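Chemist: Below you'll find the structure I mean.
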There are 4 protein chains.
Amino acid sequence: MIIVMEPGSKDEYRQAVISEIEELGYQAHVIIGVERTVVACVGHEDKTPLQHIASMPGVEQVIPILKPFKLASRETKAESSVIDVGGVLIGGQELTVMAGPCSVESEEQVLTIARAVKAAGAKILRGGAFKPRTSPYSFQGMGEDGLKILATARDETGLKVVTEVVSLRELDLCLEYADMLQIGARNCQNYPLLREIGMSQRPVLFKRGMSTTIKEYLQAAEYMLSEGNYSVVLCERGIRTFEDATRFTLDLNAVPVIKSQTHLPLIVDPSHGTGVWRYVTPMAKAGVACGADGLMIEVHPKPKEAASDGPQALKPDTFTELMREVRKVAESVGRTLPGAPEE
Amino acid sequence: MIIVMEPGSKDEYRQAVISEIEELGYQAHVIIGVERTVVACVGHEDKTPLQHIASMPGVEQVIPILKPFKLASRETKAESSVIDVGGVLIGGQELTVMAGPCSVESEEQVLTIARAVKAAGAKILRGGAFKPRTSPYSFQGMGEDGLKILATARDETGLKVVTEVVSLRELDLCLEYADMLQIGARNCQNYPLLREIGMSQRPVLFKRGMSTTIKEYLQAAEYMLSEGNYSVVLCERGIRTFEDATRFTLDLNAVPVIKSQTHLPLIVDPSHGTGVWRYVTPMAKAGVACGADGLMIEVHPKPKEAASDGPQALKPDTFTELMREVRKVAESVGRTLPGAPEE
Amino acid sequence: MIIVMEPGSKDEYRQAVISEIEELGYQAHVIIGVERTVVACVGHEDKTPLQHIASMPGVEQVIPILKPFKLASRETKAESSVIDVGGVLIGGQELTVMAGPCSVESEEQVLTIARAVKAAGAKILRGGAFKPRTSPYSFQGMGEDGLKILATARDETGLKVVTEVVSLRELDLCLEYADMLQIGARNCQNYPLLREIGMSQRPVLFKRGMSTTIKEYLQAAEYMLSEGNYSVVLCERGIRTFEDATRFTLDLNAVPVIKSQTHLPLIVDPSHGTGVWRYVTPMAKAGVACGADGLMIEVHPKPKEAASDGPQALKPDTFTELMREVRKVAESVGRTLPGAPEE
Amino acid sequence: MIIVMEPGSKDEYRQAVISEIEELGYQAHVIIGVERTVVACVGHEDKTPLQHIASMPGVEQVIPILKPFKLASRETKAESSVIDVGGVLIGGQELTVMAGPCSVESEEQVLTIARAVKAAGAKILRGGAFKPRTSPYSFQGMGEDGLKILATARDETGLKVVTEVVSLRELDLCLEYADMLQIGARNCQNYPLLREIGMSQRPVLFKRGMSTTIKEYLQAAEYMLSEGNYSVVLCERGIRTFEDATRFTLDLNAVPVIKSQTHLPLIVDPSHGTGVWRYVTPMAKAGVACGADGLMIEVHPKPKEAASDGPQALKPDTFTELMREVRKVAESVGRTLPGAPEE
């Protein structure tokens, strides 16, 4: 931690800062520059007790040096993690695709989609039984009946199931039916939920919040790792910016940045990231090209009848075409995508 | 709802849109312009069933016309609401100030602050017993012991108590001790929590999320109103932008915008909004000048020893000075602030 | 400048960084922490030659310590500057209001407005003769004829004139007619224009860019000061964020931040900042409450006939009411506003 | 254009709106809904005279329907444009790569880079002779001497030359030496410069502003097209968001969005877009995967000695590796990249 003193600040202020640092058990190193004096603070790794120095008189700014997450960091574990979701691996050389409807609407709907996405190469079925909707008057999900339908689809197709946990209340129910728990963007910094899911040991698909910096996102992931759950798969799904041609701005820069900072796998969700079905395939290809370990794609047999997020869902045959195009890009960057080889 | 057709799109596409609208029980009005054809859709007020039209062939865009919140809207209730928190009124001619530490740390700390802020004119004591912290390794709050300390301070000073509910799990505990429940920025779109608090009938201090648009914010408030809880006080506390000179960008534009759209009262939190104690007083004055119904201010007897957010807390005497300055601004805009008159 | 080495980076990398620093004539101080080693760099104030160290092997990050602007800084000149625009002072105890139409449209229009805003207490007349419009098919301004009309209004009313210079080409013409040159938000980082205006010695109204950080903004102002023009008045006029209820997000936090960092005066433009006339008066009051030295307000006798930006312009009588309300707020914060006293 | 009336607004207000529309020569169609009445306005394509209706009494909002750009639109010209820069084509099946240093520093530097990037498959040499720098105390470019060096490099290597025009003043000089003029991000909405370059007929590389929406960006391009210059190549180079792990947020969503709205070619600049050399290659691959027509890449033989933007420049051998990797991705999406085939 580096403490920068204001120019011309009194010696007694600097002395007070040094005393404070030493009282708290750290060592202070003073460096006198031409225009600024800085005090570097060395000691045990937790610098939290020093934060208040920012409000001491004569202090201009306090600059932290250490990364604020540890277990998720590549410094702690250099090799990339591979997460096992009931036998489906995420983070290896083979890409993993999760696909399905935004909301579970009926058994027929889910089975139709499940068969189609499996045939195209997806390994995990997504579907929401509890929906966090912007308006209280919108469809809120089928609840446990929806979870049962997902389980039925798993039994029939062999796909694994991921579904969103929207609150602690539904956690046990979701644990009963799902192979992987999804934490949605709006819950990215819902720390009590993260802790609880951290204790559950179930693999997690953890979406980035729409205004969460990469640093905060990895700190939030740390909540789960610090409870002992290391099976965390990250997911870039779009951030909020001034641009309104897309619903969110899918931030693909986050892919190389996150892959360089953490050993956890990372997938990309171009359906929510763009909000427009026409842009899903190009952004899926881009995500794979810059290093994502997989994709999450919304598929609906009849997008015009979807109970939620219809405009961003792909029809099954468009999804099959997406998989064919993504497969070529995957191979061009040394990855593979399961499914029928190109004829 | 207005559906804009692509230029040169086939007549059959337009016909399909019209059929769809009519099948769903609405009426379609076609207006043929020089370059675009639009289809206006009229019928009962819920237009949700029509959303999927955005993905029909030949459709360029779908433009909603109605405001997506109803009970919170001034259209539904034109006169401003005044919320009663155990006898303290929020939303009337008199401004209401909530003040206290970020986190409850000890009985002595809380009592010292409570007495000081009461003397300066605050009516409600704030203090966190459960803290949602960015890092899992930071102090997480005193829990029920903290709530008990707040209750003790209420008994001694007569101040009402507001405290943050971070998850459903702590809701019953907070209901037992607090006069008003706070929903933090990170839970602004945590709909299950909003619903539950909506059912509780306890007054709510509801903070805007750091990337929540005003429209989404009022829709989120609607979750509580639609469960029957009308005692909702809104709170602007800073949005996330590219500017990093302040921790967030306190969005005071939201004050006149929100006051024109909803009858609910709105206060401003310049402590979290700026993150820097030096800017708290000027922004508090600005918030009152543009129409806020009150303030939430962080106060700590020794900011340098605060367990969280020290750099943004005011010392009691700086808070007293803030109240003195704000009182003058309040009077200049026809409002009053309780407390000792200026000598 | 602080150089942070990657954890576990080789000694030879650190040695290379030190050699580089010393070769360039600075001194290096090494501080070995528990998890990170940092190299502090001390020497003459210009650290530009050291920037490339960020890309040397083993370097994690490079952190600058100094503020990147000098002449504009309060460190260089602690007392606030007062700028003289033909006898009208900006930055003193008395607030200065600039008002007028977005575009000059006719002599009658300008004279009507000029008389009205003068009567209400404005000291400077604004009006655009050259308009930078988003669409090439929009009205582009009256050019020199517009400047002549502004000069006529000055002769008749005694108001000083500020007008926007949109490019080097119009600079000489604007110098001939205007008392103060305005640099618009889109030219905030148009450095060749800033240099040239810096050489002109004419007082400048310098608007913040819509995505310019405060640090960059003050660096841009430095371009003019470094050419010898110290008569620079800053202007906050809204930044671009995700919120779309207002055209821009007027960033009032910038007022106390900028006032603490620079001695230059700062005014606020709530007309462009919000884009909606209903919000102009509340935000004008807020701007004055948090410390602005004045206001820029758009006024049009018939906003519905305005050639540009009609929806944000005030009618003359609404402007008079704004001045009356702002005057009270000004007095509550120890400032004055010229014009008729409240009866 | 759709005018939405406030709920419960008086009939006379609606009548006034209709009269206004008809007086201006358009036709008004009234549609009475359950909660809102809207007035649709039909007539000739320019709706500018109607904008002020937004501030008429009883009007809630005015919604434009038409795209605000015309010549750049795919509605006007459906097939993609291919721009010819002295024989190098941009926008066809073959990708075009522009590479070179941020600033021209010496003949030796430029020649070394030019030979290297040509060998790797680049067709156009980039290099700045006039540099718009954030600080007035930073290196500002070599001026005409720099342009001469670029011309020498063209003569020797056959590469075409693109260089930035920072103001009208340097335009003639740049026209004398460069095959293609670059308009930098800070000048994206510098309309006088755009008009002048529009008159010049020289091919243009036109960078998106860091806070310019896609709609505004295409409107700005329209300034050049409307002056008769159709040889405009667009360039996504990063927008400003809250995320600070990268210098800007390269917005690749803009690639499919822009390609669907305009016939103009679009390239991607991952060097400025990320600001970090480690992320340049992955983002270059992503840009090509989602449909960009080429790349602009900063290359410097000794990034640690670069006079500007060193941390984002690639060394020649890293650039060669980038080209090899991008070539594979290009082929996977049906494009080609010139240069030595993979052995």
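Chemist: Roughly how tilted is helix A:107-120, in degrees to the nearest 10 and between 0 and 90, from the longest Cα axis of chain A?
Modeler: For A:107-120 against chain A, the angle is about 80 degrees.
Chemist: Now a separate question. Among all the lysines, which ones have a C-alpha under 18 Å from residue C:77's C-alpha, if same-chain residues fewer than 8 places away are not counted?
Modeler: C:67, C:215, C:259
Chemist: Continuing with the same structure: Taking the Cα centre of region B:148-287 as origin and charging only Cβ (+1 Lys, Arg; -1 Asp, Glu), how large is the dipole, in debye to the nearest 20?
Modeler: 300
Chemist: Which residues of region C:229-248 show a drop of at least 20 Å² in accessible area when all protein chains are present, compared with their chain alone (probe radius 1.4 Å, heavy atoms only, ligands and nucleic acids excluded)?
Modeler: With the partner chains in place, region C:229-248 has these residues losing at least 20 Å²: C:239, C:240, C:241, C:242, C:243, C:245, C:246.
Chemist: Just want the answer: with Cβ charges of +1 for Lys and Arg and -1 for Asp and Glu, which residue in B:225, B:276, B:241 is farthest toward the dipole's positive end in region B:216-311?
Modeler: B:276
Chemist: Could you compute how much accessible surface residue B:320 exposes when probed at 1.4 Å, giving the result in Å² to the nearest 10?
Modeler: About 50 Å², rounded to the nearest 10.
Chemist: Under the convention of a label 7 Å out along Cα→Cβ, give the distances in nm from residue B:201 to the same position in every other copy, shortest first.
Modeler: Values, ascending and in nm: 4.4, 7.7, 8.1.
Chemist: Once you wrap a convex hull around the alpha carbon atoms of region D:61-193, what is its projected area averaged over all directions, in nm²?
Modeler: 11.3
Chemist: While we're looking at this one, here's another question. Please work out the average accessible area per residue across region A:83-332, using the 1.4 Å probe convention, and give it in Å².
Modeler: On a per-residue basis, 27 Å².
Chemist: In terms of modelled amide H atoms, which long-range or inter-chain residues lie less than 5 Å from the amide H of residue B:59?
Modeler: The list, which skips near neighbours in sequence, is B:6.
Chemist: Rounded to a whole number of µm²/s, how large is the Stokes-Einstein D of region C:2-63 at 10 °C and 1.306 mPa s, given Rh as the Kirkwood radius over C-alpha pairs?
Modeler: Roughly 139 µm²/s, to the nearest whole number.
Chemist: State to the nearest 20 debye the size of the charge dipole of chain B about its Cα centre, where the only charges are +1 on K and R beta carbons and -1 on D and E beta carbons.
Modeler: For chain B, the charge dipole is close to 660 debye.
Chemist: Over chain A, with a Gaussian network built from C-alpha contacts below 10 Å, which listed residue (A:116, A:99, A:40) shows the highest mean-square fluctuation?
Modeler: A:40
Chemist: Please build a GNM for chain C, connecting alpha carbons under 10 Å apart, and tell me which residue among C:102, C:188, C:290 fluctuates the most.
Modeler: C:290
Chemist: What would the Debye formula give as log10 I(q)/I(0) at q = 0.10, 0.15, 0.18, 0.20 Å⁻¹ for the alpha-carbon point model of region C:159-281, no solvent?
Modeler: The computed values of log10 I(q)/I(0) come out as -0.29, -0.66, -0.93, -1.11.
Chemist: Mind checking which lysines have their C-alpha under 24 Å from residue B:302, skipping anything on the same chain fewer than 8 residues away?
Modeler: Reachable lysines: A:10, A:47, B:118, B:123, B:131, B:148, B:160, B:285, B:315.
Chemist: Region B:205-255 to region C:275-303: how many Å between their Cα centroids?
Modeler: The distance from the Cα centre of region B:205-255 to that of region C:275-303 comes to 23 Å.
Chemist: Of all GluC sites (Glu not before Pro) in region B:113-199, which ones are in loop regions per DSSP and have a Cβ with at most 13 other Cβ atoms within 10 Å?
Modeler: none
Chemist: Okay, moving on. So what does residue A:319 come to for accessible area, using a 1.4 Å probe and Å² rounded to 10?
Modeler: 0
Chemist: Continuing with this model, one more query. Helix D:144-157: angle to the longest alpha-carbon principal axis of chain D, degrees 0 to 90, nearest 10?
Modeler: 70
Chemist: If you place +1 on the Cβ of every Lys and Arg and -1 on the Cβ of every Asp and Glu, how big does the dipole about the Cα centre of the protein assembly as shown come out, in debye to the nearest 20?
Modeler: Roughly 0 debye for the protein assembly as shown.
Chemist: Taking amide H atoms as placed 1.01 Å from N in the peptide plane, list the residues 5 or more away in sequence, or in a different chain, whose amide H sits under 5 Å from that of residue C:314.
Modeler: Here C:298, C:299, C:300 satisfy the definition.
Chemist: Please list, short to long, the whole-number percent of alpha-carbon pairs of chain B in consecutive 10 angstrom bins beginning at zero.
Modeler: With 10 Å bins starting at 0, P(r) equals 6, 24, 29, 19, 10, 8, 4, 0.
Chemist: Sum -39500 (n - 2.57) across every DSSP H segment of at least 4 residues in chain C, then divide by the residue count to get the 222 nm mean residue ellipticity, nearest 500.
Modeler: Mean residue ellipticity, 222 nm, calculated: -10000 deg cm²/dmol.
Chemist: For chain C, what relative contact order do you get, as a whole percent, if you take Cα pairs closer than 8 Å and at least 6 residues apart?
Modeler: 17 percent.
Chemist: If you line up the long axis of helix A:11-23 against the longest principal axis of chain A, both from Cα atoms, how many degrees apart are they, to the nearest 10?
Modeler: 60
Chemist: Hey, another quick one. According to the Cα gyration tensor, what semi-axes, each the square root of 5 times an eigenvalue, does the equivalent ellipsoid of the protein assembly as shown have, listed from largest to smallest in whole Å?
Modeler: In descending order, the three semi-axes are 41, 40, 38 Å.
Chemist: Report in % the part of the accessible area of the protein assembly as shown that belongs to carbon and sulfur, leaving out ligands and nucleic acids; probe 1.4 Å.
Modeler: Exposed carbon and sulfur together represent 48 percent of the surface.
Chemist: Name the residue, out of D:221, D:114, D:151, whose mean-square fluctuation peaks in a Gaussian network model built on chain D with Cα pairs under 10 Å.
Modeler: Of the options given, D:151 has the highest mean-square fluctuation.
Chemist: Continuing with this model, one more query. Over both sides of the D-C contact, add up the buried accessible area with a 1.4 Å probe and give it to the nearest 100 Å².
Modeler: In total, chains D and C hide about 4000 Å² from solvent.
The values are calculated or read from the model by the stated rules, or taken from the named source; none is laboratory data. This structure is a prediction, so every number in the text was calculated from the model and none was measured. Neighbour counts are summed over all protein chains in view; Cβ atoms, including those assigned to glycine, are modelled from backbone coordinates with ideal geometry. Surface areas here come from the heavy atoms of the whole protein model, side chains and all, with no ligands, DNA or RNA. Shrake-Rupley method; radii C 1.70, N 1.55, O 1.52, S 1.80 Å.
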